[in-house]
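Engineer: I am attaching a structure below and will ask some questions about it afterwards.
Nothing in this text is a laboratory measurement; each read-out follows from the coordinates by a stated rule. Model, not experiment: these values are computed from the prediction. Cβ atoms come from the backbone with ideal geometry, glycine included; neighbour counts cover every protein chain shown.
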Amino acid sequence: MCPGAFAKCLGISLLPLSVVCVLCNILLFFPGGTPVDTKELSEEVWYFGGILGSGVLVTLVFLGLKNNDCCGCCGNASCGRSSILFAAVGVLGAGYSVVVSVLAIKRGPFCQTSEGWKYPFENSRQTNYLWKECLQPLDVVHWNLSLFSVLLALGLIQAVLCAVQVVNGLLGALCGDCCGETYRINSAC
């Protein structure tokens, strides 16, 4: 596939993933679907992994790649380098979202227990009985686990797609690209 055409397809496919990530992060501010006091939210919600990482930074990739016109040929040689840069930013943004999601899943939600507000899962190896420890907000364990798992999965997909575009852009910059039916191969390949 033409690296430029792949970049366009990648840019378009990243947009719905970014929108879902932003929505998931926004929903994390309402554990169990209800508004709560800001000090009752898990710390990882405030890291904005879905909004900044998988949302804004990956949307920049979309904006940078959607107008990509056959990188490396047709007189637009700088396009290949910019697509690599945009895709690398996407890998970093999606990676940030993945790291925040993993940390949030590992640590568990911040909730009210019989001992007060704390992270009951943080230092425990057996979590199955601790699910009942969270008294408020209602269903916060399921809520956080579900939404951070979606952010984790979508962040991994975004990171892989952007990493593939980095490799694709490098190959397009080194080997040349296609315009329509014709291919231009540089001497380096």
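Engineer: Go ahead and run the numbers for FRET between Thr113 and Leu27, Cβ-Cβ distance against an R0 of 22 Å, rounding to 0.05.
Structural biologist: 0.45
Engineer: Let me ask something else about it. Using a basic spin-label model with each label point 7 Å from the Cα along Cα→Cβ, how many nm lie between Leu145 and Val19?
Structural biologist: Distance between the two pseudo-spin positions: 3.0 nm.
Engineer: According to a simple spin-label model (label point 7 Å from Cα along Cα-to-Cβ), what is the distance in nm between Leu138 and Leu170?
Structural biologist: 5.2
Engineer: Along segment 33-50, what does the Karplus equation 6.51 cos²θ - 1.76 cosθ + 1.60 (θ = phi - 60°) give for ³J(HN,Hα), rounded to whole Hz, x for Gly and Pro?
Structural biologist: x, 10, x, 10, 5, 4, 7, 9, 9, 4, 4, 5, 4, 6, 7, 6, x, x
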